[in-house]
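Following: one structure in structure tokens, then a few remarks.
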Ligand code: UDP
């Protein structure tokens with residue numbers, strides 16, 4: 001059975017990925033320093049024969065004994081609030097952490113899978129975003145610590161691919177939501193749901209006309225596995241192309257939670273992208289992948305999850 005190292009394996013995406021890999025019979029070694037990850041996300045896996053967990057910071061030297069077939073690099077703060085609070089750690093995990101993860105893959109003769117992001121497109125001037133678009137990123141703005149770290153990760157991955165002949169994949173992940181998002185990670189879906197369920201004001205940043213395209217976590221993970229199992233080595237968008245304004249999202253969350261929360265408006269964060277929507281022609285054509293869970297259904301499932309979290313508090 002393939003043995004897969006998942007960095008960031010106790011995080012939101014990493015832990016769902018571990019579930020999916022184990023479900024198909026792979027072994028999983030999850031590595032996480034628990035800065036934004038949480039052992040609660042993997043506690044159901046601890047008894048699983050195929051699963052092991054190592055608490056470590058992949059920005060430092062790392063070694064995994066035994067055979068490794070795949071290294072999937074998911075470690076990084078990923079919410080704007082987190083990477084603004086941890087700018088240096090974000091830069092380090094995207095640069096040194098990527099280098100260490102690539103080094104591990106090379107030493108083991110493993111496939112390397114890089115979790116990149118739609119943030120490589122910055123505040124995009126091309127809409128929707130195809131993989132050919134080089135992006136519009138402010139390198140010295142507050143979001144630059146994440147965007148440039150991920151752009152460096154992609155460059156480093158391609159250098160290992162071209163120079164060392166390493167088998168590599170790069171996925172560009174668009175806004176993904178679902179169970180196990182941290183209630184306090186500051187992202188729009190978790191913020192709005194928690195606010196709506198608690199009767200607190202809904203905090204729209206700016207006038208709410210900026211857009212995002214939200215992918216339910218199950219669709220996203222299925223896309224990762226389709227990409228991993230393919231031979232596509234160039235960056236590939238995995239995201240749901242259904243685009244919503246942030247105001248539309250707020251209204252939908254209020255409706256689905258039957259909330260009495262009022263909608264309030266606040267300053268837009270610096271360099272907040274005005275629009276984002278993936279072109280997924282490549283994933284459709286080469287991977288046969290497309291999302292199946294639309295926003296209303298995905299939000300309903302996520303609301304059920306957060307209602308449980310709030311009840312246990
Ligand atoms: N946003 C908002 N209210 C919030 C949190 C976020 O209006 O409480 C906006 C944010 O300014 C951005 C969008 O929602 O335009 C998505 O933000 P998020 O942090 O989820 O992810 P991003 O796509 O910006 O990385």
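Using only Cα atoms, tell me the angle between helix 246-257 and the longest principal axis of the chain; keep it within 0 to 90° and round to the nearest 10. Compared with the principal axis, the helix lies near 80 degrees.
Given their separation in residues at 0.36 nm each and the Cα-Cα distance between them, residue 52 and residue 307 gain 88.8 nm when the chain is fully extended.
Using the average count of surrounding beta-carbon atoms within 10 Å as a protection proxy, the listed peptides 12-24, 289-301, 263-275 rank, highest first, as 12-24, 289-301, 263-275.
Once Rg and the Kirkwood radius are both taken over the C-alpha atoms of region 1-156, their ratio Rg/Rh works out to 0.99.
Calculated mean residue ellipticity at 222 nm for the chain: -12000 deg cm²/dmol, from DSSP H runs with n ≥ 4 weighted as -39500 (n - 2.57), summed, divided by the residue count and rounded to 500. With each label modelled as a point 7 angstrom along the Cα→C-beta vector, the residue 67-residue 297 pair spans 3.8 nm. Between helix 188-198 and the chain there is an angle of about 50 degrees, using the helix long axis and the longest principal axis of the Cα atoms.
For residue 265 and residue 24, a Förster radius of 41 Å and the Cβ-Cβ distance give a FRET efficiency of 0.35, rounded to the nearest 0.05. With everything on Cα atoms, drop me the angle between helix 217-228 and the longest principal axis of the chain, reported from 0 to 90° to the nearest 10. For 217-228 against the chain, the angle is about 30 degrees. For the chain, modelled as a GNM whose springs connect Cα atoms under 10 angstrom apart, the maximal fluctuation among 88, 173, 303 occurs at 88.
Each label point was placed 7 Å from the Cα along the Cα-to-Cβ direction; for residue 39 and residue 164 their separation is 3.2 nm.
Only the coordinates and a few stated rules stand behind these numbers; no lab work does. The shown structure was predicted, so the numbers you read here are calculated from the model rather than taken from an experiment. Virtual Cβ from ideal backbone geometry, glycine too; neighbours counted across all protein chains shown.
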